[in-house]
Each structure stands twice: as C-alpha cells, then as structure tokens.
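Scroll down for the structure; my scribbles are underneath it.
The values are calculated or read from the model by the stated rules, or taken from the named source; none is laboratory data. Fair warning: this is a prediction, and the values are worked out from it, not measured in the lab. Cβ placement follows ideal geometry from the backbone for every residue including glycine, while neighbour counts extend to all protein chains displayed.
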Amino acid sequence: MADDNKTIDAIDNLTGGDDDDFDMDGIEGGSGAHDGPSSETIEAIATFQTLLEANPNQYEAHTQLITLLKGADMFEELRDAREAMNRLYPLSEDLWMDWINDEVNMATSGDEKRHVLSLYERATTEYLSIKIWKSYVDYALQEYNESKEYQDALEEEETVVNAQELNKIFKRADKWTGYHIPESHTIWNVWINFELENLAARDPASPEDVRRVKKMYLDRIAIPHVTLEETFSALSPLISKYEPEEYEKTMENCSKINAATRKLLTEREAFEQNLVGPQFSLGVATGNSVEAFTSYLDYEMRPERRHFARTRTLFERAVAVHCLVPSVWIDYITFMMSMNPQKAGYDLDPKEVLTIAERSTRNCPWSGDLWESRFLLMEMYHKPEEELNALFASALSDTTLLASPQELSKVLQARCSYVVRAEKKDEDGKTKIRAAFEHAGAVLESVGGDPYCKVEQFWIEIEAGPLENKENARALWAKIESKLKASSESWLARVALEKRLGSPKQARQIFAKACNVAKQIDWPEKVFEAWLLFEREHGTVLEYKDALTRSRAAMKTVELFRAEVALNSAYVDQSAYAVAEPAVAIEEPTPVPTKKRKVSFQDEVETFKIPKVEPKPKGRVKEKPDAVAERTPVKSESSHSQKPLDISAGRHEDTLFVVNFKEDTTAAKLKEMFGEYGTVLRCTMAAPKQGKARYFAYVQMSKPEEAQAALALDGRDVGHRLGLQVRISDTNKASRAPPSVKPPLPKESRHELNVKGLDIDVKDEDLRKLVSLYAEPEHVYVQRQADAKGGTWANIKFHTEADADAAVAMSGLSFQGKTLEVSRRMFKNPEYEGLTRTERRKLKAKKSEEKRAQGGGQDHPDHKAGGKAQDVEMTETAASESGDKVPTESSSATTKSNSASAKSDSATFAKPAPQTKPMAKLTAMAPRSMQPRSTMQAGKALRARPPRSAGTGTPLGAFKPASTTSTGSSSSGAGEAAATGVGGEGAEAAAAPVAPKSNAEFRALMLSGGLKKSRQ
C-alpha cells in the first residue's frame, strides 16, 4: 500500500496536484485549441488503470481515474470505471449525482432513459439521500409529462414512465423518506402537488380520488415533520371544496391528530437540533456525531414509543453519515431482526432486509459480526446453499477481513454453524461437518491463528455433542491447551466438557493442573470456587479436603505473587522525573576471561550487573585522591576501541537516561530500539535497589546528534502504564526535586478504563464481549453494588494505550437498558493500581504492621526510670478503691511514716493514668500458664463488673510484686506485706501492680523481675 500511495502522489504531481488546481482546459476534447486530451493526461490514465489492475482495492485511485476520464471526455471508459468502482464500493451522494447527470445529458432514446432510471434505483438503495430522491421523482415526473404530452406520437414501448410506474416511484420515495423529519416535505410536496393537479383536471372529481387525497393528508399529518402546520392548513381548502358537508367533522378529527403529532415533534426537537449544524461540547464537535445518533435511537427504541418506520428512517440517516462505523450497522440489523414481521407497521420485505445486510458488509467488510448477521438472515429466508457458499467465498476474498483473525473467526464460526444445522448426523454428514471445521482452522492458520481459539472450542463442543466422539474432543483440547492456559474461562470450559462426558476423575485432574499454574491464570479465584463447588456435589470428604487445602495453598502463592508485582511496579509522573539519576559514576567491571569461552563486549552488556553504589556519609566529606582513583572505571584493553560510558556528574550530550520500561526488557531490546536512530555504543541497565521498583538504563550513542534524534522515542508505548521516558543524561538539573521530597504520583491510568452505569446483574462475559467490539481487554473486574452506594462499576485493563483509547468510544452507549459512562481510571493512590480490593487491604495492613514494628521497640513512658513511684501510687489507689479493710496498725503506721515521701512522689504523677482495657482482654494478654486457677476463677467472677478506673484492670491476685531489698518506700512495705501474708487478701489486692498492656511489656516486666508467678 505504501508503494501504491507513492505512485498516486507521483501522478498527482504529473497532473497538477489537487482536483481543485487541476487545469481541465488542457484535456478537454473538441473545444479550444486542443482536439483531445494531452499526452500527460493519457499517460496518467494509463498508469492509474495499471495500478488498479494490480490492486483494485484503492478508493482514491478510483476517484482520481474517474476525474481524469471525465475531463478527457472519454465517456465509455468513464462508464466502465464507475461500474468497476461501484462493484467494490458504495458511491457517495456526489459521485452518484455526477454519474446520473452525465447519463441524463447523454440520454436521448428510451433505453438510455430507462438506464438513467435504473441508476436512480441503484443510488437510492445504497444510502438515504433526499437530494437523490428529489432528483429521481423530478426526472420520473418529467418523463411522465413528456410521454403524456406526446402519447399520440409515441408507441407504447417507447413510453419511459407511465402512471402506474410513477405512482410506484412516489410510494417508494414516501416509504423511505416520509419519516425524515427535517427534509421529507421536499419529496411529499412534489407528490401531493401532482395529485392535486390531477384532481383539479378532472371535472367533476371522483369521490374515490377525493378520499385518496384526503387520506394522504391525514396520514401525513400523523407523521412528525417540520412543515406540519402548513400541511394541516392545506387540508382545510381541500375539504371545503370537495366535502363541505364533512368539514367540521373532518377538521375536528384532524385537529386531534395534529395535536398528538405536534407533541411527538416537540419531544424530538432537541434530538433533531443535535443533528443539525456543528454543535460543540468542551471544544469537541458533536453535531451529527455517533453519540448524537445513538442517544436519539435509544430514545426511539424504548418500548412505549417504538415505531418501526420512524426508527428505521433514523437508522438510515445514521448510516448515511457514519457508514464506516460497524456498531451503527450492527445496531440497525439487530433492530430489524428483533422486530416481528407480522406486527403492524413492519414495512420491509425479505429482499429489502437482505439488501440492508449486503450494504453493511460493503461498507464495513472487516466486521465479522456483520458477515455473521448476513449469513443468519440468508439462512432465515431459506436461500439456497449455492448463494451461501458464494457469500462465504466473497467474505474470504476481502483483505481487510483477513487482516483481523478475531473478526475472521466469527465468519468461520457462522459458516461452521450453518453446516452443523444443515447436515444430517450420519457418517456422511459428520464427515462434511469435520471438513468444514478443518477448512476453518486452515484459513485461520494462514493468517496467523486466533489467540482465543474460538473455532477450535466450537469444534470441541460439536465433537462432544452431536458427533459423539469423546477422544476427538479431548485431543482437540490438548492442541489448544497451551494457548489458553491463562484464561480462567477456558479452564472452566474444559471442566464442563468432562462433566458432560461423565468423567469426574478427568475434571478433578484438570482442577489440580490449574493449581500448578495458578499464577498465570487471569482469575484463579473463579476456577477454585468452581472446584470446591464441584467437590461438594460429586466428591468424597477426602477429595473435598484435598481440593480445599490445595486451592488455599495455590491462592496464597497467587496473593504473594500479586503483592510482589504490585510492589515492583514503578509509578512515575509523565511530566517530571520520579527518580533522580545517580550523581556518581557507575562502575562497569572488566570481564574476566575463562578457559571455556571468551568474553566479548556484547557479553559485558548482557550478563554483567552493575554493582551497588555504597551510600555516601552524611555531610560534606573530602575524599582522598586515592579513593577517587579507585572509583574511576578502569578501561579494558579488550575494549580500547569502544568509547567509555561516562555517567559521572554533569550533562552528557551523547548519553540518554531511559525509564518506564517493562521489567522483562533486556539490554538487547533497548539497543535494537535505539539503534533505529544511530549507533549504540553501550547500553547499561541497573536493577532497582532493595525495596524499590525503579528500573532505569543508560544508552550511549556514538554522536550527540544521534542522541538528540533518539529523543523521539519519548512517550512511546512499550507496555508500561506511563510510556517510555527518554532524556539527555543530566544529574545537575536545578529543577530536580530534593531526594527527601517524593515526586508527584500519576492520577490517570494509560491502560485502564473505568465504566460506570452498569446494571447490577451484568455478567462479566457479557461486558467482555461488549468491550471486545472496540478492543480486546486483558482483564475485566466488575464491582456490583446498589445505586444508593454509587451503582455497579467496572475496571477494564487493556494491553496497550491504543486499545484503551479505542474503547473510550463506548461512552454514551446503551447497554442492558443503561447508559455507560467510560473514562480513564483515576487513582487516589497509584501504588494500588492493578490490585484487587482484598490485595489492597492486605497491602495497607502490611504497611500498618511495619509502622507498628518500627515504633514497638521504644520504651513505654509508664516504664521508664521513674516508673516505680508511679506503680506505687497506682497500687495505693487500687487498694483504696477496692473496698477492703485497712490492714493492721503496724502496717498503717508504716504507711503513715512514708506519707511524706509518697506525697512527694505523687506530685510527679499529677496527671491521671490512662484508661486501661477491660479485664477480660487484659487477662487474655498474659500466657495461660502464668494464670493460677484461682486467678482465672476470680477473673470469671469479675468479668460481669463494670471497668475499673486507671490501674485496676487486672484480676485480683493474678500477679504479685517481686520481693525487693529496699525498705524506704511504700513499694517495699507492700512487698513485705504480700510476702508475709499480713492483711490477707486485702493486702494482696493492694499490692497488685498494674497489668501489662501487651505481650512485649509482660515479657519485659518478667525478665526485669518486676513480676513473678503467684503460687497457691
């Protein structure tokens, strides 16, 4: 095609460039100083004819050849060129009118005029054009009037248009244009004026003719059109002239019809306004857009207002403007197939329906859905097998369809489906069915094969079903299993096949095999849920146990893998560098040759890793000259001819800093990519540091000019979400953010879309099929929730950014009764991109745990150096609030003697102690072996009590203070009382320390001797 385009450009230069600048005076024959076309024009015509003989599928070449032939007055060649183009492509309105006008000017005989009428018939069937229909009825009326004027001189066979033929033309024109709201009056006015003239010419007019014209007016008033009031006003003089006695009754009835029609017209006024003239929304032209037609059609196709002829006319208007949009044609054909032909208002015959299907494939031959619909319609209308075979051959001959294996697969499936239904299931029929599938597989292999193996899966179902051959079905699955191992749907389909074949053992083996490749499956949860359901229905307890344990183990592996992938994903803003280039030279070790093989420069690039750079000490430290010399890369003797890679501080015009490429990208791939812009001397890749997910590389070109040219790769889609970033290596940029400041994170995904407005009962496979009409999705995730919570939405991930851009066109589409809202997926925290909600929660929990672990090693403020006095104070408070009696006088005296020190100590702890946890929870914190039986019983009794104040949360008697040697404090007194048993249980309760708040505090207190196990 590139060579063809060059040839066309060369011919344009030869003939004078564009059509508007082309000098037609030099090629007009029979006028002026020239007797015929110039030699340059003849040469250009010959070149175009040769070009089209080699490749006829060139639309522009056809149009330019027609222009040259018309300018050269070569009418026979011009007619042949137009016929050749129309066999391949439908012609536009201008091309048809140009052709028809030329034929009208040359038509003199009856046959030539009938040829003009046949051209009008062909033109009106391709697109809805008011201009062509108006010209058609005007020409037919002109020929009718001429034949009527000269009817005595003309013979019957010389009459081109008679009254019956003219009436048929008017009715056909009204059928296809009558519901065109803005322009239908231009056709209807010609018809009604003709009828009024005939009515006035008859004196007196027959009642039948009056009733027929009156019915025409009433039918027209019931149809919404822009000249509704003029039509209503024109009826009044007709009734007053021919039916004065029925005037009031007729006008009253007509007024009711007019009011209802005016309401319909008002409801559609806004939609019609969107289709007229250039409308703009957010700077984008929306007039006559697909979205404008789609919203209008959705309104018309609602059950309460569905009208077949009105909706059909609107579809004709849409395909006339957007003839190259397959979705519009698909909706049109689907609408016709969904309507009941027996219902009132259905005005198409099978031939007209098949003509519409044919027009769809002529305009969009690359769409497999349109070919499939055409096959189905032909089968529905019982067309012979020869016509279906011819249609199949026509589809396979189209190069645009062969270029898309997935669309071609739909055509082949439709063909195989027809053969399965048509053939009997005897041996001869089974042979023909298998031959059809084998032929389909061969066609797909010739164009590269279908990655989803749709035809093969269909064949497997037929082998397992009507053909009743289990072994063939399993053998076919074995052939395509490697291609579909990443699809959860294919695993479930394989299991469903084995269940149909009555082989639960085989199904169980397939589930087990899925466990081994769980990380490669797009939705392993769905597969494992199906396995557990299968074992609940068909398995024993041991088989169910095995499925449960293996699926859980596999899912743990999957979750770890997903978390690792998520943490290793780099998130960089497109408008700024996310990670600064290292400001020190990266040492490239010299390869050490071995005895087995020599190490070349290429081996150095591919196999050697860049050593880690030691972290710099804080502050400015002057380095010794020896240290600098040690860091300087040593030039290898084996590579003395190569330019050394200099990544020291500063700007290097011949070196590029590259980021945002996929993890599996190798140095060889980068060299190949940058090699398109010059010679790559060195490509050095650095793996990310521990805990980082940033991959970057340095690419050194032989010249700075080549490095500047390679900047064109900046932004290229290489599979990364943000696109490749390429910059000249410069570590001294003043605009670079400080290392302590995190760069801005991206907020918009390149490969993912967010779809809102879904029905809560939507199926994943239905949504995937819809998205596949625009681009094949990599993953579809649907979140179902009620409208009160925001409604059901979905995130769709695509392989490339171009696929995501193509799928944005779904926005505004009506799907399962709701209008979709499609936009780029936005991230509040891009670190969670691509993770499920469960994985995001786990990642958040992991980060929280890390934060707690970092702060867990610090000493608690309650257990610092002055903690003993606080413990005593809290213990005394507990004793006073416990309600027990005061111990003996000796103990009381001891307390009084220490009151001064206690008061001085209490001044330090003036603030109230923090509220502790309930007793039951605090008791559970300590190991059960450290809880005496009496303590546990006491704890049970205390659980019903309300929570105590600060410091009293531990069950009484659970812990005793350790004996101490100090006697100068209240703590020693409490310890002695507890050791000697003075005061009984009340003293023991008063000596109880505050309970630890965590296991770590409990162990710390036990090791320090602050607590000891109580003995009963």
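Some values worked out for this structure:
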read-out	value
Residue among 102, 94 that is in a helix (DSSP H, G or I), acidic (Asp, Glu) and under 24 Å from residue 147 (Cα atoms)	102
Breaking point among (1) more than 47 Å from the chain's Cα centre (by Cα); (2) farther than 25 Å from residue 140 by Cβ; (3) part of a helix (DSSP H, G or I), for residue 73	(3)
Filter result for residue 317 (part of a loop (DSSP other than H, G, I, E, B) and basic (Lys, Arg))	no
Selection from the stretch 442-455 of residues that are free of Cβ contacts under 8 Å to residues at least 40 places away in the same chain, surrounded by 19 or more Cβ atoms within 10 Å (Cβ to Cβ) and assigned to a helix (DSSP H, G or I)	444
Residue count for the stretch 477-510, restricted to those that are of a type in the set (Val, Ile, Thr) and closer than 17 Å to residue 531 by Cβ	2
Complete set of residues in the stretch 382-440 that are in a loop (DSSP other than H, G, I, E, B), under 34 Å from the mean Cα position of the chain (by Cα) and not acidic (Asp, Glu)	397, 403, 404
Single unsatisfied condition, residue 220 versus (1) assigned by TED's automatic domain parsing to the domain that holds residue 142; (2) closer than 30 Å to residue 270 by Cβ; (3) of a type in the set (Lys, Arg)	(1)
Test: residue in the stretch 466-482 that is under 20 Å from residue 401 (Cβ atoms) and either of a type in the set (Gly, Ala, Ser) or modelled with pLDDT of 90 or more (or both)	no
Meets criteria (at pLDDT 50 or above and of a type in the set (D, E, K, R)) for residue 513	yes
Inter-residue pairs, beta-carbon under 7 Å, first without any contact (Cβ under 8 Å) to a residue 40 or more places away in the chain and in the stretch 790-802, second surrounded by fewer than 16 Cβ atoms within 10 Å (Cβ to Cβ) and acidic (Asp, Glu), 6+ apart	792/759
Matching option when the condition is surrounded by fewer than 18 Cβ atoms within 10 Å (Cβ to Cβ) and closer than 30 Å to residue 177 by Cα, among 338, 397	338
Residue within the stretch 722-739 that is at pLDDT below 75, within 30 Å of the chain's Cα centre (by Cα) and either in the same structural domain as residue 563 (by TED's automatic domain parsing) or under 29 Å from residue 804 (Cα atoms) (or both) present	yes
Residue 401 vs. criteria of a type in the set (A, V, I, L, M), closer than 19 Å to residue 772 by Cβ and in contact with a Leu (Cβ under 7 Å, 6 or more places away or on another chain)	yes
Of residues in the stretch 494-530 being acidic (Asp, Glu) and part of a helix (DSSP H, G or I), the one surrounded by the fewest Cβ atoms within 10 Å (Cβ to Cβ)	529
Every residue from the stretch 643-661 that is part of a loop (DSSP other than H, G, I, E, B) and either at pLDDT 80 or above or in contact with a strand residue (DSSP E or B) (Cβ under 9 Å, 6 or more places away or on another chain) (or both)	643, 644, 645, 646, 647, 650, 660, 661
Residue 134, sole failed condition from (1) in a loop (DSSP other than H, G, I, E, B); (2) touching a residue at least 24 places away in the same chain (Cβ under 8 Å)	(1)
Residue satisfying all of: in the stretch 117-131; assigned to a helix (DSSP H, G or I) and touching a Phe, Trp or Tyr at 6+ places or on another chain (Cβ under 7 Å); farthest from residue 74 (Cα to Cα) among these	124
Residues that are surrounded by fewer than 20 Cβ atoms within 10 Å (Cβ to Cβ) and not basic (Lys, Arg), drawn from the stretch 535-552	537, 538, 539, 540, 541, 542, 543, 544, 546, 548, 549
Every residue from the stretch 332-352 that is among the small types (Gly, Ala, Ser) and not in a helix (DSSP H, G or I)	344, 345
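To keep it simple, each residue is scored yes or no on (1) modelled with pLDDT of 85 or more; (2) under 14 Å from residue 821 (Cβ atoms); (3) under 13 Å from the mean Cα position of the chain (by Cα); (4) aromatic (Phe, Trp, Tyr).
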residue	(1), (2), (3), (4)
768	yes, no, yes, no
773	no, no, yes, no
776	yes, no, yes, no
780	yes, no, yes, no
783	yes, no, no, no
788	no, no, no, no
797	yes, no, yes, no
801	no, no, yes, no
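This table checks each residue for (1) among the β-branched types (Val, Ile, Thr); (2) touching a Pro at 6+ places or on another chain (Cβ under 6 Å); (3) at pLDDT 90 or above; (4) within 28 Å of residue 364 (Cα to Cα).
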| site | (1), (2), (3), (4) |
| --- | --- |
| 49 | no, no, yes, yes |
| 80 | no, no, yes, yes |
| 89 | no, no, yes, yes |
| 100 | yes, no, yes, yes |
| 103 | no, no, yes, no |
| 107 | no, no, yes, no |
| 120 | no, no, yes, yes |
| 131 | no, no, yes, yes |
